[in-house]
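See below for the structure under consideration.
The values are calculated or read from the model by the stated rules, or taken from the named source; none is laboratory data. This one's a predicted model, so the numbers in the text were calculated from it and none came from an experiment. A quick note on method: Cβ atoms are made from the backbone with ideal geometry, for glycine too, and the neighbour counts reach across all protein chains shown. In case anyone asks, the SASA skips ligands and DNA or RNA and just uses the protein heavy atoms, side chains included. Shrake-Rupley method; radii C 1.70, N 1.55, O 1.52, S 1.80 Å.
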Amino acid sequence: MQKTGPVRRALTAAAALALAVGVTGKASALVLKAADTHADGYPTVEAVEYMGRLLSEWTNGRITIQMFPGRQLGEEKDTIEQTILGAIDLNRVNLAPLNGVVPETAVPALPFIFRSIDHMRRVMDGEIGQEILAAFEEHGMIGLAYYDSGARSFYNTKRPIRTPEDMKGLKIRVQNSDLFVSMVEALGANATPMEFGQVYEALKTGVIDGAENNWPSYESTRHFEVAKYYSLDQHSMSPEVLIMSKKTWDGLSEADRALIRKAAALSVPYMRELWDRRVEESKKIVLAAGNEIIEDIDKQPFIDAMKPVYEKFAATPELKSLVERIQAFE
Ligand code: GTR
């Protein structure tokens, strides 16, 4: 017998609901695959896991995050490509390896652009930070939130660095970012772009003499065990960013997008608390190992050497104006 009118419509609606709800009785599950280069327990990893717990709580387990820490899904350059392709849904990376993809990300990664951690947090939390997040979309990614990365400083196996002259001839590993290559070259050293996961061996075997990073990364990677001189020149405060694949995003309802944005925003203060604590813990570990921490650094000659870097990476009127707005930000 042919079903007509309301009966047929009701059956179709029931079938659609059955599909959405699935056999478990829940609406169809959304498992977001997340990547992080850092190991389990690192503040960025914990923050995204926290976000997953929030989403799961709010949706009765319908939306969850499956975290793959410790480079399980590849190094940052690869995971960025995978995110654009939609094979990775969520990705926590530094802004530096995005500099070649989203030009606006170069501005907060510029050396000495921020006066302090507080300045960086206020700029990135405000309108300027939001504008830069919005710039991701046309490159296949959705910028969700920034996480702290403290200040990056140089460490090496050879000697204390107090002035740019001390850097002459040193082979310094940098992230996959032309901006970081230029910065190191402007200081008279040789820049070697290399993936994060290869740096420990390269320091140990003398392929490179040094690298640059913040306290928690210098410690968590055990680079501090092989590169004993840590010079706190604090040249970059390039933040971390949490991005989502636009492919995944486009398939979500407005309501789910709002939940994801809300969970990402709530993970920021959660991360910062863990971060501040982790910086102190990492300092203690490094100091206990007897490393030489060089604090008496006159930053001015380093700052002065950065002129060509600004000229090259903030070359358009739009990027120049972003630089000026950050510098003028009280
Ligand atoms: C860390 C950062 C990572 C990665 C790494 C590196 O501080 O959290 O995302 O950029 O530095 O130097 O490759």
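Round to the nearest 10 and give me the degree value, 0 to 90, for the angle of helix 317-328's Cα axis relative to the longest principal axis of the chain. Computed tilt is about 70 degrees.
Quick one: net charge of Val226's neighbours, Cβ under 15 Å, K/R +1, D/E -1? Could the numbers behind the result be given before it?
Values: positive: Lys158, Arg159, Lys171, Arg173, Lys204, Arg222, Lys228; negative: Glu201, Asp209, Glu212, Glu219, Glu225, Glu292.
Around Val226, the charge tally is +1.
About the Cα centre of the range 38-138, how large is the charge dipole given +1 on each Lys and Arg Cβ and -1 on each Asp and Glu Cβ? Please answer in debye to the nearest 20.
240 debye
Accessible surface calculations at 1.4 Å, restricted to protein heavy atoms, place the range 265-330 at 62 Å² per residue.
Here the peptides 228-236, 190-198 are ranked by packing, the mean other Cβ count within 10 Å, and the order with the highest first is 228-236, 190-198.
Accessible area per residue, 1.4 Å probe, Å², for the range 111-199: what's the number? Working shown, then result.
On the way: 3200 Å² over 89 residues.
Averaged over the residues of the range 111-199, the accessible area is 36 Å².
Against the compact-protein benchmark of 2.2 N^0.38 Å, the Cα-based radius of gyration of the range 43-102 scales to 1.23.
One chain, two ends: Glu57 and Asp304. Fully extended at 0.36 nm per residue, the span grows by 83.9 nm beyond their Cα-Cα distance.
Please report the relative contact order for the chain, taking Cα pairs under 8 Å with a sequence separation of at least 6, and give it as a percent rounded to a whole number.
This gives 23 percent for the chain.
If you sort the three axes of the alpha carbon gyration tensor as a ≥ b ≥ c, you get a/c of 1.5 or more for the range 201-330 and a/b no higher than b/c, which makes it oblate.
Solvent-accessible area of the chain (1.4 angstrom probe, protein heavy atoms only): carbon and sulfur portion equals 53 percent. The alpha carbon centroids of the range 194-248 and the range 37-96 are separated by 19 Å.
Listed here are the pairs Lys33/Lys247; Lys204/Lys228; Lys168/Lys312; Lys168/Lys228; which of them are more than 20 Å apart at the Cα? All intermediate terms of the calculation are to be shown ahead of the outcome.
Details: Lys33/Lys247 13 Å; Lys204/Lys228 11 Å; Lys168/Lys312 22 Å; Lys168/Lys228 18 Å.
Cα-Cα > 20 Å for Lys168/Lys312; rest within.
Tell me the angle of helix 43-58 to the major Cα principal axis of the chain, expressed in degrees between 0 and 90 and rounded to the nearest ten. Approximately 20 degrees, to the nearest 10. Packing here is the average count of other Cβ atoms within 10 Å per residue, and on that basis the peptides 102-114, 239-251, 260-272, highest first, run 102-114, 239-251, 260-272.
For Lys77, what charge total do you get from the other residues with a beta carbon under 15 Å from its beta carbon, if Lys and Arg give +1 and Asp and Glu give -1? Cβ neighbours under 15 Å give a net charge of -4.
Placing unit charges on the Cβ atoms of the charged side chains and taking the dipole of the chain about its Cα centre, the candidate lying farthest along the positive direction among Ala289, Ala135, Val323 is Ala135. Helix 254-288 and the long axis of the chain differ in direction by around 30°, with both axes built from C-alpha atoms.
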